[in-house]
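A single structure is presented below for examination.
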Amino acid sequence: MPDARFFTRRGPFTIGSLAAIIGAKVGQGSDPDHLVMDVAPLDKAGPEDLSFLDNMKYVGAFEVSAAGACVIGKRDGLRAPEGMALLVADEPYKAYALAAQAFYPEPVSTGNVHPTAHVDPSAIIGPDCDIAAGVVIEAGARLGARCSIGANAVVGRNVEIGSDTHIGMCTSLSHCQIGDRVRLHPGVRVGQDGFGFAPDPRGHVKVPQLGRVIIGNDVEIGANSTVDRGSGPDTVIGDGTWIDNLVQIGHNVRMGRGCIMAGQAGISGSTHVGDFVAIGGQVGLAGHLKIGSGARIGAKSGVMNDVPAGESWFGIPAMPLKFFFRRHATLTKLSERKAKPNE
């Protein structure tokens, strides 16, 4: 259950009003005026809580749940416990997420600027921005309306931030332009030097990194992730891309729209990633590659070649998924034969 010390709850909501919010239908026999006070997992929910069933592995928990209401898919209604109100949705998990957002919406900016924040007089701050303790906003920076800047964050010289964007505590931003409705979690670093140098046995020679980072709208970047600025071309993160914690994006990388990148993955410099690409945890992509739109890269893969659009790759080195499993099956059979030489 959400801890009231950390989360502010709205509501209650009727089943009927929640159905309108989440795009679901009230199940047959369910009372649209039934009140719901909170959201909770199936095994923790009580008569006043809303839960959900999306993964069929949890049908057993659903069948014995005490939840007063539940979001389900169309095929699940016959398994509902007696007295449970149902909300029937095409995508139960998405619908539940919208319901949870209704109960626990994002805090609204109030325009409070902490007295210990240092805002350069030449910076332009939009209306209703929250600026927390210890924040530094340098000369020429521009913030859109209703932004939230967490404690001890640094917004560098001439950085531009769109409206309704949340910058987490201890984040640092330089040489970048950030769109609307972006969320950067604590410790994110955007715009630092890319890893560019000319090797020399007498001492490597640094190549000046003269590009920027351009982050589109509706992007989320997880805690302690880093996005290097370009060496000349810009580093670009497309609209709607979500990046997990502890991720490294190298200089000149271009990521398209709607990509998903899990934790501890990294993209080397000048690699181009298409739209709606899914990259698993701890994946490493070499530099100067092209990853086609809709491609999927399995966790811990090492990608050394271009990946065509729509394909699924896996392994070290990464290869098409079908080939990986075929090779694995062949090696397994060979190993079994070697273990039984007389057969």
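The values are calculated or read from the model by the stated rules, or taken from the named source; none is laboratory data. Fair warning: this is a prediction, and the values are worked out from it, not measured in the lab. As a convention, Cβ positions derive from the backbone with ideal geometry for all residues, glycine included, and neighbour counts pool all protein chains shown.
Answer with yes or no whether Ala89 is surrounded by 16 or more Cβ atoms within 10 Å (Cβ to Cβ), assigned by TED's automatic domain parsing to the domain that holds Lys57 and touching a Cys at 6+ places or on another chain (Cβ under 8 Å).
Judged against the criteria, Ala89 is not a match.
One line per residue, one yes/no per condition, for (1) polar (S, T, N, Q); (2) on the phi > 0 side of the Ramachandran plot; (3) modelled with pLDDT of 95 or more:
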| residue | (1), (2), (3) |
| --- | --- |
| Gln248 | yes, no, yes |
| Gly256 | no, no, yes |
| Ile267 | no, no, yes |
| Ser270 | yes, yes, yes |
| Gln282 | yes, yes, yes |
| Gly294 | no, yes, yes |
| Asp306 | no, no, yes |
| Ser335 | yes, no, no |
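For Gly269, state whether it is under 20 Å from Ala223 (Cα atoms) and assigned to a loop (DSSP other than H, G, I, E, B).
no
While we're looking at this one, here's another question. Hey, any hits in the range 192-202 for a residue that's over 23 Å from Val303 (Cα atoms), outside the structural domain of Ala309 (by TED's automatic domain parsing) and in contact (Cβ under 8 Å) with a residue 12 or more places away in the chain?
Scanning the range 192-202, I find at least one residue that is over 23 Å from Val303 (Cα atoms), outside the structural domain of Ala309 (by TED's automatic domain parsing) and in contact (Cβ under 8 Å) with a residue 12 or more places away in the chain, so the answer is yes.
From Gly60, Gly27, Gly23, Gly11, which residue is surrounded by 13 or more Cβ atoms within 10 Å (Cβ to Cβ) and either β-branched (Val, Ile, Thr) or more than 28 Å from the chain's Cα centre (by Cα) (or both)?
Residue meeting the stated conditions: Gly27.
Another question about this same structure. Would you mention how many residues in the range 35-69 are within 15 Å of Pro81 (Cβ to Cβ) and part of a strand (DSSP E or B)?
Qualifying residue count for the region: 5.
A further question on this structure: Given the criteria of a type outside the set (S, T, N, Q), free of Cβ contacts under 8 Å to residues at least 40 places away in the same chain, touching a His at 6+ places or on another chain (Cβ under 9 Å) and not in a loop (DSSP other than H, G, I, E, B), does Gly16 qualify?
Judged against the criteria, Gly16 is a match.
Still on this model: Right, Val213: modelled with pLDDT of 95 or more and of a type in the set (A, V, I, L, M) or not?
Considered against the rule, which asks whether it is modelled with pLDDT of 95 or more and of a type in the set (A, V, I, L, M), Val213 comes out as yes.
Given the criteria farther than 26 Å from Met169 by Cα, buried (at least 24 other Cβ atoms within 10 Å of the Cβ) and in contact with a Leu (Cβ under 6 Å, 6 or more places away or on another chain), does Val273 qualify?
Answer is no for this residue.
Could I ask something else about it? Can you name every residue in the range 204-218 that is touching a strand residue (DSSP E or B) at 6+ places or on another chain (Cβ under 8 Å) and surrounded by fewer than 24 Cβ atoms within 10 Å (Cβ to Cβ)?
Within the range 204-218, His204, Val205, Lys206, Val207, Gly211, Arg212, Ile214, Gly216 qualify.
Would you call Pro201 closer than 22 Å to Gln248 by Cβ and either in a strand (DSSP E or B) or out of contact with any strand residue (DSSP E or B) (no Cβ under 6 Å at 6 or more places or on another chain) (or both)?
no
In addition: Do the conditions hold for Gly140, that is, is it at pLDDT below 95 and in a loop (DSSP other than H, G, I, E, B)?
no
If Glu106 meets every condition in (1) over 21 Å from the mean Cα position of the chain (by Cα); (2) within 21 Å of Arg181 (Cβ to Cβ); (3) acidic (Asp, Glu) apart from one, which number is that one?
Here Glu106 clears every test but (1).
Kindly establish whether Ala67 is under 26 Å from Gly216 (Cβ atoms) and not basic (Lys, Arg).
In short, no.
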